[in-house]
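The values are calculated or read from the model by the stated rules, or taken from the named source; none is laboratory data. Keep in mind the model is a prediction, meaning the values are calculated, not measured. Neighbour counts are summed over all protein chains in view; Cβ atoms, including those assigned to glycine, are modelled from backbone coordinates with ideal geometry. To get the accessible areas, we keep the full protein, side chains included, count just its heavy atoms, and leave off ligands, DNA and RNA. Shrake-Rupley method; radii C 1.70, N 1.55, O 1.52, S 1.80 Å.
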Amino acid sequence: LEIAPINLVEMLGGLVKTSRLFHPEHRFIYSPSQHHIVIQCDAHLLQIAILNLIDNASKYSPHDSIISIDLIFEQSKVGISVSDQGSGIQKTDLERIFVKKISELHGGNTEVNSQLNVGSTFIIWLPL
């Protein structure tokens, strides 16, 4: 791991901007409540994890649907949330989530809420 301080708000803003270019068929919502949140992480690995969630949300959601990216704060951790209106995930497939390992390498964890034919929300929890 190459751990360094990054501004999470700026990094997510850049990833959303890039995702809008690659997935113009979807509407992306990202409105951070803060402008400056610095965390210690491997920026490259974290970007891979977030883009994986955004790409999957785009792949499994109908055109013109909304993909929301949010930051959630709880005590001494921050959550990066990606929500879609897609097909959902079978419970048997939840254990094979790629981003789980990346969040664990950073001392965090991954949370998934999914309903078939309704959508999914993935949250990467990381320590502040």
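Calculated accessible area for region 36-117 comes out at 56 Å² per residue, all protein chains present (probe 1.4 Å; ligands, DNA, RNA ignored). With the simple model of a label 7 Å out from the Cα in the direction of the Cβ, F98 to F73 spans 3.1 nm. For the chain, the tally of Lys pairs with Cα-Cα distances below 19 Å comes to 6, considering only residues 8 or more apart or on different chains.
Here the chain is assigned +1 on the Cβ of each Lys and Arg and -1 on the Cβ of each Asp and Glu. Its dipole about the Cα centre then comes out at about 100 debye.
The distance separating the Cα centre of region 42-99 from that of region 12-30 comes to 13 Å. Structural size metrics of the chain, computed from C-alpha coordinates, are Rg and Dmax of 13.9, 39 Å.
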